[in-house]
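Report on the structure given below.
Any read-out appearing in this document is the output of simple, stated calculations on the displayed coordinates, not a laboratory observation. Owing to the predicted nature of the structure, the values given are computational and were not obtained by experimental measurement. Cβ: placed from backbone, ideal geometry, glycine included. Neighbour counts: every protein chain shown.
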């Protein structure tokens, strides 16, 4: 089983943590990344696009002119699709764009993304991240101390921490997420992963339960 150093906010070693090889040393399959990211982005689409068909367009209740004798094609309403201002044929209607992937596929994609970052040496585990107050500079100094200041970084914490989450939000290219919500899209769009030790343990427990058929 692989191990990784646990460091303090000053980048000093404070021990080690075991990494589950089935999670951090798994096969990297890019086609699963594509499928899962596409699914996540599809769920973000509002799906509120809409047009009016001939039944929804107002007006046009009377026949525009008589059926015969005009020399023109017969017409029943000025709201037919061929008329300017008429209804739209097969136009977009409000709908959801989401589509399903199996839980096994989604889990494999997340594990592959974590394995990719670990293989690149882009995973850092810190003992803890605690802020006494809302302070963006504290997060910036933490990342500087870890030697990754200015880099695209995803901070993963175990549980809700308003101070850490809001302080991270003001930094460009830095995001903060809880372990329960870690996903493929956020892992891949950041170059570095910084996890607290508690978040790493919670994440490994979560993915291990899914592998054994436990909590989904």
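Side notes on the structure shown:
- q = 0.15, 0.17, 0.18, 0.21 Å⁻¹: log10 I(q)/I(0) that the Debye formula gives for segment 79-166, counting C-alpha atoms only: -0.79, -0.91, -0.98, -1.11
- Considering all different alpha carbon pairs of the chain, the Kirkwood hydrodynamic radius works out to 21.0 Å.
- Contact order normalised by residue count of segment 62-216, Cα under 8 Å, 6+ apart, percent: 22 percent
- Peptide ranges 16-28, 34-46, 144-156 listed from the most packed, as the mean C-beta count within 10 angstrom indicates: 144-156, 16-28, 34-46
- Here the sum of -39500 (n - 2.57) over DSSP H runs of 4 or more residues, divided by the residues of the chain, equals -10000 deg cm²/dmol at 222 nm, to the nearest 500.
- Histogrammed with a bin width of 10 Å, the alpha carbon distances of segment 38-138 distribute as 11, 18, 16, 16, 11, 11, 9, 5, 1 percent, first bin at zero.
- Label-point separation, residue 52 to residue 104 (7 Å along Cα→Cβ), nm: 5.0 nm
- The order of the peptides 96-109, 191-204, 61-74 by mean Cβ neighbours within 10 Å, most packed first, is 191-204, 96-109, 61-74.
- Nitroxide proxy distance, nm - points 7 Å out along Cα→Cβ at residue 17 and residue 134: 2.8 nm
- Stokes-Einstein D in µm²/s, Kirkwood radius over Cα pairs - segment 51-91 at 37 °C with 0.692 mPa s viscosity: 305 µm²/s
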